[in-house]
Amino acid sequence: MTRICVSVCEKTIDALESAAIRASESADIVELRIDCLTRLEDLKPVLNRISCPVILTFRPDEQGGHRVLDHQARKLFWNSAPQTEWWDVESDLALETDWSRIIISHHHFSRVPEDITQIYEQLAATPAHVLKIAVQANDVVDCIPVFQLLDRARSEGRDMIAIAMGNAGLATRILGPSRGAFLTYAALEEENATAPGQITAQKLRSVYNVEQIDRETMICGLAGQPVMHSVSPHMHNAAFRTAGINGVYLPLEVHDVKTFVERMVHPRTREFDWNLRGLSVTAPHKSSVMEFLDWIDPTAQEIGAVNTIVVDDDKLLGFNTDAAGFIEPLLKVIDSLSGLRVAVIGAGGAARAAVWALLRQQATVTLFARDVAKARSLKQVFDVSYEPLSSASFADYDLVINATPLGSGELIEQVPVTAEQLHGASVAYDLVYNPIETRFLQEASKAGCRPVHGLEMLIAQAKNQFELWTGQTPSMNVMSDAAVAALDH
Ligand code: NAP
């Protein structure tokens, strides 16, 4: 059974009441963080307005709370606290109370402590109804001990909440209930999260279908760093839902790809059992992951990058769907690329896939890179010409492609080239997809070029990944609508 607990933390009793009422509309349980109130007041009027079970929490600052509280103050609070369904009480506080309502908790806000097993055993030695351990994840592998705790609690018949906090721990919030977690916490609004890595109840349901996830659910994910900005979870989860596939796609924040593959991914070495079917791989791991795979598709081998992994029995297979995803949108606006003069700006991973695909279509490719040494090394692999980016003019090119990150994120206001430089080119293709309308495409439109949007490539490569994992073709419209909605948001 999946329970979503929305946690609310407000400074005044009126704000707490209002937040709690809103929370109870989307929550199975509401947590009231009383330590956030600047002044303690009678809670009964608030409790009378909440229509679902309540957890009362009065957290001291050393456990992540908002108040400096000594033992005495905490005991005093609990001795006169109202009778709610649950009380979340830290493990250092010995209360003489009805243990059937107690969630006994331990928090660690910097990492996973080495003695996490002993902490579990100390909590389990109490008669508390629910055991709770929340630790900070600094890499996705920090989710492993948390999942192992849930497995152990299940086998010992104990109710448990185990969470890896932070972006790297998101998998525990999404998969926890399917692995027996008593509940998963959510924020009322993203900006009001009460713990690192908490997402909204609305997102848990509408993006991750958390209530439908069970032990049989096929798991896919995006491995990279950073991954939280990605719209891929929106696209793949929407496509799973529409196709009626019991699957979920998660962002997995991976810093050390070798450790990740060994401990979480490879069926022969991984340290816990999950129904992992495949991964998208993004920067910075597309090349470095290759040495840990059992087989690599010749296309990915030639490009020198894997962006898709399929878990096939006890083997890991590597593919590259970027190259085909890159070409698909182009072939909608240009009948044939054969003999076309194409300028590719940038010499990174996306440029490699683009150049490989363009050469397969018999285009004539010139690379434009700020780092001539990088361009030279790509020339050695693909035998294309290169020129420095500064002062380039594209009048002689049919197609100009931006394969740099300029125009997105912190570089949103930047363009690799101006309208003046683009003048004379026919088509301009920006691989950047966030925002959908980039500065580069605005310059291209001023120069009279036909635009091709990076979002189309994103959807096309995602479609190919979906097919590799499921054997089914997803609805492109569903993927596109989900991506556009996420980008708009
Ligand atoms: P990458 O491997 O980091 O390569 C980026 C390239 O851009 C490098 O050659 C880099 O040059 C160059 N660059 C960075 N800043 C620059 C600047 N200020 N001026 C000139 N060149 C600059 O990244 P990537 O994986 O190739 O991705 C590139 C872009 O394509 C990203 O925005 C990514 O989101 C997008 N992309 C989109 C899709 C899609 O499906 N639409 C797929 C893949 C990638 P240095 O080496 O000198 O730093």
Can you report the number of residues in the range 150-181 which are closer than 25 Å to residue 36 by Cβ, out of contact with any Gly (no Cβ under 9 Å at 6 or more places or on another chain) and either charged (D, E, K, R) or not in a helix (DSSP H, G or I) (or both)? 1
Criterion (under 19 Å from the mean Cα position of the chain (by Cα) and either within 16 Å of the ligand (Cβ to nearest atom) or not in a helix (DSSP H, G or I) (or both)) met by exactly one of 277, 268: 277
Pick out the one residue from 322, 297, 312 that is of a type in the set (Asp, Glu), out of contact with any Ser or Thr (no Cβ under 7 Å at 6 or more places or on another chain) and crowded, with 23+ Cβ neighbours inside 10 Å. 322
Looking only at the range 443-466, filter to residues that are within 16 Å of the ligand (Cβ to nearest atom) and surrounded by fewer than 20 Cβ atoms within 10 Å (Cβ to Cβ); which one of those is farthest from residue 397 (Cα to Cα)? 453
Report the residue count in the range 324-347 for those that are under 15 Å from residue 369 (Cβ atoms) and away from the ligand (no atom under 11 Å from the Cβ). 2
Among (1) more than 15 Å from the chain's Cα centre (by Cα); (2) not in a helix (DSSP H, G or I) - the single one residue 261 does not satisfy: (2)
From the set of residues in the range 348-376 that are of a type outside the set (Asp, Glu) and in a loop (DSSP other than H, G, I, E, B), which is farthest from the ligand (Cβ to nearest atom)? 362
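For (1) in a helix (DSSP H, G or I); (2) more than 19 Å from residue 41 (Cβ to Cβ), each residue gets a yes or a no:
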site	(1), (2)
62	yes, yes
72	yes, yes
78	yes, no
81	no, no
87	no, no
94	no, yes
103	no, yes
110	no, yes
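Can you name every residue in the range 479-489 that is surrounded by fewer than 17 Cβ atoms within 10 Å (Cβ to Cβ) and either away from the ligand (no atom under 16 Å from the Cβ) or under 20 Å from residue 403 (Cβ atoms) (or both)? Please lay out each step first, then the result.
To start, the set of residues in the range 479-489 that are surrounded by fewer than 17 Cβ atoms within 10 Å (Cβ to Cβ) comprises 481, 484-485, 487-489.
Passing the criteria: 481, 485, 487, 488, 489.
Listed here are the residues, each with its yes/no results for (1) in the same structural domain as residue 72 (by TED's automatic domain parsing); (2) crowded, with 22+ Cβ neighbours inside 10 Å; (3) among the aliphatic types (A, V, I, L, M); (4) in contact with a Cys (Cβ under 9 Å, 6 or more places away or on another chain).
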| site | (1), (2), (3), (4) |
| --- | --- |
| 97 | yes, no, no, no |
| 138 | yes, no, no, no |
| 158 | yes, no, no, no |
| 171 | yes, yes, yes, yes |
| 187 | yes, yes, yes, no |
| 202 | yes, no, no, no |
From the list 432, 415, which one is within 9 Å of the ligand (Cβ to nearest atom) and assigned to a loop (DSSP other than H, G, I, E, B)? 432
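Being within 13 Å of the ligand (Cβ to nearest atom) and either outside the structural domain of residue 445 (by TED's automatic domain parsing) or of a type in the set (Ser, Thr, Tyr) (or both) is the filter here; which residues of the range 392-409 pass it?
Looking only at the range 392-409, we keep the residues that are within 13 Å of the ligand (Cβ to nearest atom), and these are 392, 401-409.
Within the range 392-409, 404, 408 qualify.
The values are calculated or read from the model by the stated rules, or taken from the named source; none is laboratory data. None of these values were measured; they are calculated from a predicted model. Positions of Cβ are generated from backbone atoms using ideal geometry, with glycine treated the same way; all protein chains shown enter the neighbour counts.
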